[in-house]
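Please treat every number below as a calculation from the coordinates, not as lab data. Predicted model, so just to flag it, every value in this text is computed and none were measured. With ideal geometry, Cβ positions are generated from the backbone for all residues, glycine too; neighbour counts draw on all protein chains shown.
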Amino acid sequence: MKHLGTCIMALMCGLSVMDVQAEGPPAKNIHLLSSDEHKFILNLGQKVLPRDCYELWHGSGGQAQDGVYLIQPADSPIAVFCAMQDGGWTVVQHITVNSSVDFDRSWEEYKTGFGTLMGNHWLGNEYLHQLTSGPGRYKLGIKLVDKDAVTKTGEYDPVLVEGEEAQYRLRLGLFQGTAVDALTLDTENYLHDNQRFTTKDRDNDNYFQNCAKLEFQGVAGGGWWYDACAGANLNRRNVIYWQKDCNKEHLCKYAWMMVKPSDLVKVIHSRDCKKDEL
């Protein structure tokens with residue numbers, strides 16, 4: 001049955017069984033998978049890699065399964081977890097409250113990623129930049145699950161994470177969803193939109209201390225797009241924080257951050273252009 005499942009998955013990805021090899025292209029972030037987890041990559045041997053999970057999901061007619069895949073948003077392949085049942089989202093962060101994965105990490109670790117793709121992890125700011133910087137527009141998805149298993153979601157459309165020279169600054173568009181808008185509205189006098197990323201060894205926030213170092217119950221805040229300091233922080237592993245939706249009074253058990261191509265397409269009609277521009 002396990003072999004049959006592998007064959008079906010290969011056909012869904014547009015591959016023949018002969019194309020599925022023991023080893024696929026080397027992933028630049030292979031450190032996010034243990035040696036035992038390498039075998040769970042579901043599109044090993046695919047000759048032309050997709051740019052993101054949505055491309056795989058769409059190519060399968062919406063039938064692809066959740067799991068680890070290889071994608072190539074820039075020059076080098078990377079491994080990612082794809083939330084296919086939710087519509088082909090590329091997961092860039094997952095955290096469980098009181099996670100054994102430490103999110104109190106350095107700039108370099110947040111740049112290249114840490115944790116495990118099949119559990120709690122940060123994909124990496126450099127890959128967030130690669131995914132969201134085009135050629136098409138992307139949106140950011142947030143998924144929160146509280147202690148009573150109530151799920152809230154939200155989307156920011158579009159999203160852009162700028163490059164390292166801009167300190168991975170976060171740019172967000174309009175919000176919609178059942179969760180509170182905790183990144184672009186300053187209801188708590190904190191505004192995370194347009195902020196640069198801060199880690200314990202690189203202070204880019206607007207507070208007189210380093211927000212990533214501030215502790216709650218002995219646990220540091222972790223890297224984030226801090227203001228002075230936070231109305232939301234999904235990288236604090238002892239208390240997932242998202243304004244009134246997730247905090248120390250209303251505990252959340254899980255959180256995810258994901259990206260996928262934007263649904264917004266703007267067609268510009270111009271007399272000077274022979275064809276429409278997107």
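Answer with one residue from Asn120, Ile41, Gln209: the one whose Cα lies farthest towards the positive end of the charge dipole of the chain, charges on Cβ with Lys, Arg +1 and Asp, Glu -1.
About the Cα centre, the residue reaching furthest to the positive side is Ile41.
Return a single number: how many Lys pairs in the stretch 30-262, at a sequence separation of 8 or more or on separate chains, have alpha-carbon atoms below 16 angstrom apart.
Lysine pairs meeting the criterion: 13.
Among (1) 1.02; (2) 1.21; (3) 0.98, which is the computed Rg/Rh (Cα atoms, Kirkwood Rh)?
It is the one labelled (3).
Between the stretch 96-111 and the stretch 70-91, what is the C-alpha centre distance in whole Å?
That distance is 20 Å.
Of the options Thr184, Leu144, Thr198, report the single residue whose Cα projects farthest towards the positive end of the charge dipole of the chain (beta-carbon charges: Lys, Arg +1; Asp, Glu -1).
Positive-end residue among those listed: Leu144.
Contact order normalised by length for the stretch 32-91, with contacts defined as Cα pairs under 8 Å and 6 or more residues apart; what percent is it?
Values: 101 pairs, mean separation 20.1, N = 60.
Value for the stretch 32-91: 33 percent.
In the neighborhood of Asn204, defined by Cβ-to-Cβ distances under 10 Å, what is the net charge if each Lys or Arg adds +1 and each Asp or Glu adds -1?
On the way: positive: Arg169, Arg196, Arg202; negative: Asp203, Asp205.
Once all neighbours under 10 Å are counted, the net charge is +1.
With a 10 Å radius around each residue's Cβ, average the other Cβ atoms per peptide and rank 59-69, 253-263, highest first.
253-263, 59-69
Checking the a/c ratio against 1.5 first, then a/b against b/c, what shape does the Cα gyration tensor give for the stretch 91-231? Please list the in-between numbers first.
On the way: a/c = 1.16, a/b = 1.05, b/c = 1.10.
In terms of gyration-tensor shape, rounded.
Any chance you could give the angle, 0 to 90 degrees and rounded to 10, that helix 2-12 forms with the longest Cα principal axis of the chain?
Once rounded, one gets 90 degrees.
Quickly estimate the mean residue ellipticity at 222 nm for the chain, helices only: each DSSP H run with n ≥ 4 gives -39500 (n - 2.57), and the total goes over all residues, rounded to 500.
Result for the chain: -3000 deg cm²/dmol, rounded to the nearest 500.
About its Cα centre, what dipole magnitude does the chain give when the only charges are +1 on Lys and Arg Cβ and -1 on Asp and Glu Cβ, stated in debye to the nearest 20?
So the magnitude is around 380 debye.
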